[in-house]
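Working notes for the structure below.
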Amino acid sequence: MYFGPHLRIESWMFEIVLYLFFILVFWAGTKIIGREKTSLFLWGSLIWTLTVENAMVIIGAYDYFAYANYYCWADKLIPGFSGWSCMVFFVPLSISIGWFIFGLSAFIISDRLLPQGNIWIKAVVASVMMVSLDMLMDPISVVNEWWRWTVAGFYFRGVSVGNYIGWFFMLFFFAGIYERSVIEKGSFAWLRPIEGLIFRRNTKDLSDTDSQTLKKIFYFRTVAFIPVMLFVTILASQPLKQIGFNRYAPFNSVFPTTYDQKYPASAKPADMAPAVIPDGDPRKVEGPRCEIAKGANVPTQPAGGASHVQK
């Protein structure tokens, strides 16, 4: 996204806005559901999202590397600063902060709309609201190249539809875990035997549990449900793969052993359509994005050649 021919929204600008909203939303959460419950939602969401995000980057679904390192400010404003002020392994911390902002807001709204509703129905409502917000956010992010998808798939407005499916189930399961554990102080039958061995107590009713033990049980459930969430998300995404996809891998992953690495972005596999991105597109240029903004010539490549932006 450009404002005029040269100025673009850098990732550090995006981070500043997110952290300001984080302060506002955290403060609002403390006023509505209390400081302890808001803090539990925050720390639980950090465990949840950073684990899932890093796993998805490692398997090559998307990454935050290439363009973040080609911004004008990259490694110049602060030594080692590569477009993001803080990375937790392969993921910017601000991404999880953004998920907390959207997630807590959607959760509180659904809880107020359905105060006596089933936890999973409220989780569906919250998840739909969150995906609606993400459908506004992600296309802007793609234009500004804050992150990018590196796999073939069905794309809508530049964003993989699998991303929206993932966002839905991420909040669906997390909201259910949070409400059952922190609000209702109940349990999940399939986890109860394991929790009994770990915490040496019956976790069916947590109403008399001290806050420290409740935190540990909640965090344990958060981690335990991650494989469940990933499995359900992958299963729900399969119909799209069976139907087909409308965009071949737009970029190569920074990890060298992923599937799309075998087929560079502009290459045309024998039985697949060519990439949507045309030769000469600025997104294929290797080098600082600021050079493009200053009017540098965009090199082209031979038809069917292999070119991609990669750190």
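When 233, 222, 213 are checked against the criterion of being touching a Phe, Trp or Tyr at 6+ places or on another chain (Cβ under 9 Å), among the β-branched types (Val, Ile, Thr) and within 16 Å of residue 47 (Cα to Cα), a single residue qualifies: 222.
Cβ-Cβ contacts under 8 Å between residues 6 or more apart (or on different chains), taken from a first residue in segment 32-59 that is of a type in the set (Asp, Glu) to a second residue that is in a helix (DSSP H, G or I) and surrounded by 14 or more Cβ atoms within 10 Å (Cβ to Cβ), are listed as 53/95; 53/96. Could you say whether any residue in segment 126-136 is surrounded by 21 or more Cβ atoms within 10 Å (Cβ to Cβ), farther than 24 Å from residue 35 by Cβ, in contact with a helix residue (DSSP H, G or I) (Cβ under 9 Å, 6 or more places away or on another chain) and not β-branched (Val, Ile, Thr)? Yes: one or more hits.
Residue-wise test of (1) surrounded by 18 or more Cβ atoms within 10 Å (Cβ to Cβ); (2) at pLDDT below 90.
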position: 205; (1), (2): no, no
position: 212; (1), (2): no, no
position: 216; (1), (2): no, no
position: 219; (1), (2): no, no
position: 223; (1), (2): no, no
position: 234; (1), (2): no, yes
position: 242; (1), (2): no, yes
position: 245; (1), (2): yes, yes
position: 254; (1), (2): yes, yes
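Hey, does segment 160-176 have a residue that's among the small types (Gly, Ala, Ser) and surrounded by fewer than 19 Cβ atoms within 10 Å (Cβ to Cβ)? There is no residue in segment 160-176 that is among the small types (Gly, Ala, Ser) and surrounded by fewer than 19 Cβ atoms within 10 Å (Cβ to Cβ). Of all residues in segment 193-203, those that are surrounded by fewer than 11 Cβ atoms within 10 Å (Cβ to Cβ) and either in contact (Cβ under 8 Å) with a residue 24 or more places away in the chain or of a type in the set (A, V, I, L, M) (or both) total 1. Taking residue 116 as meeting all but one of (1) at pLDDT 90 or above; (2) out of contact with any Leu (no Cβ under 9 Å at 6 or more places or on another chain); (3) over 20 Å from residue 9 (Cβ atoms); (4) surrounded by fewer than 22 Cβ atoms within 10 Å (Cβ to Cβ), write down the number of the exception. Here residue 116 meets the rest and fails (1).
Pick from 195, 184: which is more than 26 Å from residue 113 (Cα to Cα) and charged (D, E, K, R)?
Numbers: 184 fails: more than 26 Å from residue 113 (Cα to Cα).
Step by step, each of 195, 184 is checked, and only 195 is more than 26 Å from residue 113 (Cα to Cα) and charged (D, E, K, R).
Restricting attention to segment 109-127, the residues that are in a helix (DSSP H, G or I) and in contact with a Ser or Thr (Cβ under 9 Å, 6 or more places away or on another chain) total 8.
The values are calculated or read from the model by the stated rules, or taken from the named source; none is laboratory data. Since this is a predicted model, take the numbers as computed values, not measurements. With ideal geometry, Cβ positions are generated from the backbone for all residues, glycine too; neighbour counts draw on all protein chains shown.
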